[in-house]
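In what follows, a structure is listed as structure tokens, so that the remarks can point back to it.
Readers should treat all values here as calculations from the given coordinates under stated rules, not as data from a laboratory. These numbers come from a predicted model, not from an experiment. Cβ coordinates were reconstructed from backbone atoms using ideal geometry, including for glycine residues, and neighbour counts include every protein chain displayed.
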Amino acid sequence: MGKPNDLVQGTLDLLILKTIAPEPKHGWAIAKRIQQISRDVLQVQQGSLYPALHRLEQKAWIKAKWKETETGRQAKFYSLTAAGRAQLEKEAANWSRLSSAINLVVETT
Amino acid sequence: MAWTRRFWLKLQSLFRRNRNAQQLNDEIQFHLDQQIAENISAGMNREEARHAAMRVFGNATLTKEQARDTWGWNQLEQIAQDFRYGLRSLRKGPGFSAVAILSLALGIMATTAMYSVIYGVVLNPFPYRDVDSLMSVKVWSPDSSRFRLGYTVDQFLEIAERNTIFQGTIASTVSDVVWASGGEPKRLRGNVCTMNTFDVMGVPPLIGRTPAKADSAPGAPAVAVLGYKFWMQQFGGDPSVLGRSMRLNDTVRTVIGVMPPRFMWRGADVYVPIVFHRGEFLEGVHYVHLLGRLKPGVTEAQAETDLRPIIADLKQRDPAAFPEKWRVGLLSFKETFPSGLREVLWILFGAVGMLLLIACANVSNLLLSRAATRQREIALRASLGATRGRLIRQLLTESVLLSTFGGVLGAALAFGALRVILAMVPPDSIPDEAKVAIDRPVLLFTLGISFVTALLFGLAPALHASRAQLITALKESARGPGAGFRRISASGGLVVVEVAMSLVLVVGAVLMMRTVMAIENQSLGIRTDRLLTIRVPLSPQRYPDGPHRTTFFRELLPRVENLPGVASAALSTGMHPFFAGMEAPVEIPGGPQMDTRPVLLREVSRDYMRVFGIALMEGRLFSDADMAAASQWAIVNQSFVHRYFPSSAPLGRMVRIPRLRDELHLADDAFQIVGIVNDVMNRGLTREIAPELYLPYTISGDADFLVVLTNTDPAALSKTVAAQVYALDPDQPVTDVRTLSSRLNDWEYSGPRFSVVLLAVFAALGLTLAVVGVYGVVSNAVAQRTHEIGVRKALGADSGDVLRLVFRFGARFILPGIAIGLAASIAAARVLRSQLWHVSPHDPVALVSVVVLLLSVGFLACWVPARRAMRVDPIVALRYE
């Protein structure tokens, strides 16, 4: 199984879930969005997004639908399922706990 | 419902693979197009934009593959791919595949055939319901290894009625039943049994019914149930036999049922169910075997507590019936009716196990040497992204394919092998009920064995090959100096194991061969040629007592003696050299001390010693007058003299046999010794000669074996001799008409021959495989070191040097193999000890000859590649550089 470069697998999942939470997006838009929000800090190799998307789809956390884009092409749009929303909350909570713990360690030493 | 959705997605991805793959392509193409468009709008030209987009995207092919992986069916797809690939690579090396499959097939054939015998004879021989709860009641004395399972009818009834541990108790016998069917009377093997027999054994009839309650009512018509084999032989499997009347032992019985093929309780042709009563000897039955079905949860201790008072009462009523000190307990069904082959079968199974291991080592070796030629292929696959796990799986798939083909071929061959094995099984050594066939449990075993062997022989080469160093393998040609030495040491280890195991097998076979030779070459002390033996089991109804029986035989003997071609004839209660079963302790009045060990008793007619060629040493043989008067004379053998008269003259002394007073109701149990004869084998061929007493057969008339010394081929006279019996009594059957040498063959020689032939075949196969292993490794090494040999020759080495080089290399496997094998066979010989006779398990002759044999075939296997090495032309060898 492939590993996304520089990103822990679970983190990438969290980012994807978070990115499509407001509205359905296609793959390229997700990649762009992650890059934008992270102000180009998170250099995700764009290709590695797709195995992650398919894995999340198999887990039934996200679902996909082919729709027309504004330019008139067919693209695959991903959106959260109910299970995905629950998963997002869980992972977000986990993440903030972990990052605040790491912050604590980093700042006190 | 997340999981239903998940399941649905899985199914979709299975059945819409192509569409999904197309969609994945579209999805990624869309992504790239978006990125290219963005790049162009940022000012790049088309070409630059495309390259930049691909760069940020990364490896698109890998991405697609990883995405497909998440669909979850990739594993399955890869396995199918591995199988296709494996088949192709096996086809590419047909010679290799044929040798590997054949080796495995040989090993699997032998294992499958032996397992089917073990399964049928030892593991699952009986068709009765819950055999483990069927128990015999055993009474024994702590002083003796003998025990008793048979009881008089009265004792049986007492135990059956008073015990609380059995759900049901049945009596059974092995009885001669005479069937008068109009023509020649036939003696059938009958089982006179209790009415509840079939219910307790828990087997329904094949057709008809088994006895019901009404059949036990006083005055109910007598019934009979037929065994399957007898039904097929006599009635051709005709169902209209039901309701037919048969005159059995002078009682007319109605056939009510036929039992299924494997119901062979006491091996009966016909079951005669009767109601036993105290004090009555129906159908001539005095003693019966008692079998009970234990209630669930009854322990051994509870059983003993329950049975003890019953036996105590029986002993009080008849003190002679049980020994002074006695104990009572249970004996399981399988121990009551054991197979004499059990131990031999496990030993042979161990031998085929080793054979299979040798075959595995051989195939392992083949795979290793093939891995050398495939190193580049494997390295290439690794560099294209195959992980080590994937490579191992791929190589193991090939092994599984090999072992599957080997398994299928082996199972097919096993059908033939089993037929050969069964043809050699000694008569009467496996339970009548046993069904030995290659059926479902056996084939399942074969399947399991095939997979285990695939792992055994495939794992090491797979691990080894997948470890191949990428760069070196790709760069270097396989022929480089020193290449593959690690591999040679790996396969060398396997060859050492092969040599060692084949040595163990050959040692076992040679030890058994020496045992058979020792048994067959010993002097029996009697003649065995020109002897015809016939049993005349007189019907207990028409010949109820000694005088009747004696009268019959007194008329029969001269009729037989006067037949043309007959030199002499005699009667006895059992014939030499077999154990006749009659033993009793004796007392010598006025003798120095009591010796309570039993001596053999044999009741014989006048000419018995002459017929068998037993020499008289002192005194005289029996005379006509002795026979006529049923006189109290006895003849003893030399062992008897050694035990009871070490220093005094035995002739004229008295011998008392107290047991005869009870068993034969003799008024006088004292016999006077009139002669001493030569010692001859009298308890089979593998037990030492016991003290023996010969008595005149007229004291009881129990002797029913007729032994005829002929002037010609004894088998040719069997009809005429039997006709003399029919002439005297047309209703009297004869049985067991056969020559003494065929009896010897069946009862004494066939057992050891069975083990020796099978062990020898397994050892020969094992040795062949091991030699192939040595040859393979040495010839491989020679092929790889052609260059080195060429250099040596160019520098002045002669053929002798090259030969030594190759032999030294071969010795690196052969010598340690022999050393390990010797140590292992000394350990393994302990298992074989019970099968050996007059041969030590560490017999130096056997060990030395086997070592010489292995050295010769081992170096012969080196000789062929060595000659090839000697012919190496230095110019040719060097030109390749």
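What you get for the range B:569-611, charging only the Cβ of Lys and Arg (+1) and of Asp and Glu (-1), is a dipole of about 160 debye around the Cα centre.
Taking R0 as 56 Å, what's the FRET efficiency between B:Arg244 and B:Phe15 from their Cβ-Cβ distance, rounded to 0.05? After rounding to 0.05, the efficiency reads 0.30. When chain B is described by a simple charge dipole with +1 on each Lys and Arg Cβ and -1 on each Asp and Glu Cβ, the residue from B:Trp179, B:Leu805, B:Ala37 located farthest towards its positive end is B:Ala37. Taking the Cα centre of chain B as origin and assigning +1 to Lys and Arg Cβ atoms and -1 to Asp and Glu Cβ atoms, the resulting dipole is close to 4220 debye.
Using a cutoff of 8 angstrom between alpha carbon atoms and counting only pairs six or more residues apart, the relative contact order for the range B:2-72 works out to 33 percent.
The H on the amide N of B:Val599, modeled in the peptide plane, is under 5 Å from the matching H of B:Ala584, B:Val586, each at least 5 residues off or on a different chain. Site pair B:Glu161 and B:Asp731 shows an inter-label distance of 3.3 nm when each label is modelled 7 Å from Cα along Cα→Cβ. Using a Förster distance of 45 angstrom, determine the FRET efficiency expected from the C-beta separation of B:Leu206 and B:Ala301, and round it to 0.05. According to the calculation, E is roughly 0.70. Using a cutoff of 8 angstrom between alpha carbon atoms and counting only pairs six or more residues apart, the relative contact order for the range B:598-708 works out to 44 percent. Placing unit charges on the Cβ atoms of the charged side chains and taking the dipole of the range B:131-336 about its Cα centre, the candidate lying farthest along the positive direction among B:Leu149, B:Gly227, B:Pro261 is B:Pro261.
For B:Val408 and B:Leu331, what is the calculated FRET efficiency with R₀ set at 35 Å and r taken between the beta-carbons, to the nearest 0.05? Step by step, r from the Cβ atoms, then E = 0.25. Label point of B:Asp746 set 7 angstrom out along Cα-Cβ; within the range B:413-439, amide nitrogens under 16 Å from it belong to B:423-432.
The simple spin-label model puts a point 7 Å past each Cα toward its Cβ; for B:Ala312 and B:Leu444 those points are separated by 4.8 nm.
Report, in whole Å, the centroid distance computed from the Cα atoms of the range B:664-724 and the range B:199-220. Rounded to whole Å, the Cα centres lie 42 Å apart.
Using 0.36 nm times the number of residues separating B:Ala797 and B:Thr387, minus their current alpha carbon distance, what extension gain do you get? Gain on extension, B:Ala797 to B:Thr387, equals 143.0 nm. The trypsin sites (Lys or Arg not before Pro) of the range B:657-752 that meet both conditions, a loop assignment by DSSP and at most 14 other Cβ atoms within 10 Å of the site Cβ, are B:Arg687. The H on the amide N of B:Thr739, modeled in the peptide plane, is under 5 Å from the matching H of B:Thr533, each at least 5 residues off or on a different chain. Residues B:Val611, B:Val507 in ascending order of nearby Cβ atoms (within 10 Å, fewest first): B:Val611, B:Val507. With both labels modelled 7 Å from their Cα along Cα-to-Cβ, the B:Ala37 to B:Arg610 distance reads 12.5 nm.
Using a cut-off of 12 Å between alpha-carbon atoms, which aspartates and glutamates can reach B:Lys186, once sequence neighbours fewer than 8 places away in the same chain are excluded? Cross-link targets: B:Asp176, B:Asp269, B:Asp731. The H on the amide N of B:Leu188, modeled in the peptide plane, is under 5 Å from the matching H of B:Val177, B:Val178, B:Trp179, each at least 5 residues off or on a different chain. Given +1 at the Cβ of Lys and Arg, -1 at the Cβ of Asp and Glu and no other charges, the dipole of the range B:2-72 around its Cα centre is 540 debye to the nearest 20.
Exposure proxy for B:Phe235, B:Phe612: other Cβ atoms within 10 Å of each Cβ, ordered fewest to most, give B:Phe235, B:Phe612. Normalised by the number of residues in the range B:537-733, the mean separation of alpha-carbon contacts (under 8 Å, six or more apart) gives a relative contact order of 34 percent. Residues B:Met870, B:Met517, B:Met575 in ascending order of nearby Cβ atoms (within 10 Å, fewest first): B:Met517, B:Met870, B:Met575.
Could you list, in their original order, any pairs among A:Lys25/B:Lys64; B:Lys213/B:Lys334; A:Lys59/A:Lys90; A:Lys90/B:Lys64; A:Lys25/A:Lys65 whose Cα atoms are separated by more than 18 Å? As for pairs spanning more than 18 Å Cα to Cα, those are A:Lys25/B:Lys64; B:Lys213/B:Lys334; A:Lys90/B:Lys64. Computed over chain B, the per-residue total of -39500 (n - 2.57) for DSSP H runs of n ≥ 4 gives a 222 nm mean residue ellipticity of -17500 deg cm²/dmol, rounded to 500. If the chain linking B:Ser849 and B:Ala423 were pulled fully straight, counting 0.36 nm for each residue of separation and taking away their Cα-Cα distance, it would gain 150.3 nm. For chain B, the longest principal axis of the alpha carbon atoms and the long axis of helix B:46-57 meet at an angle near 40°. For trypsin sites (Lys or Arg not before Pro), the sites in the range B:293-402 that DSSP calls loop and that have at most 12 other Cβ atoms within 10 Å are B:Lys325.
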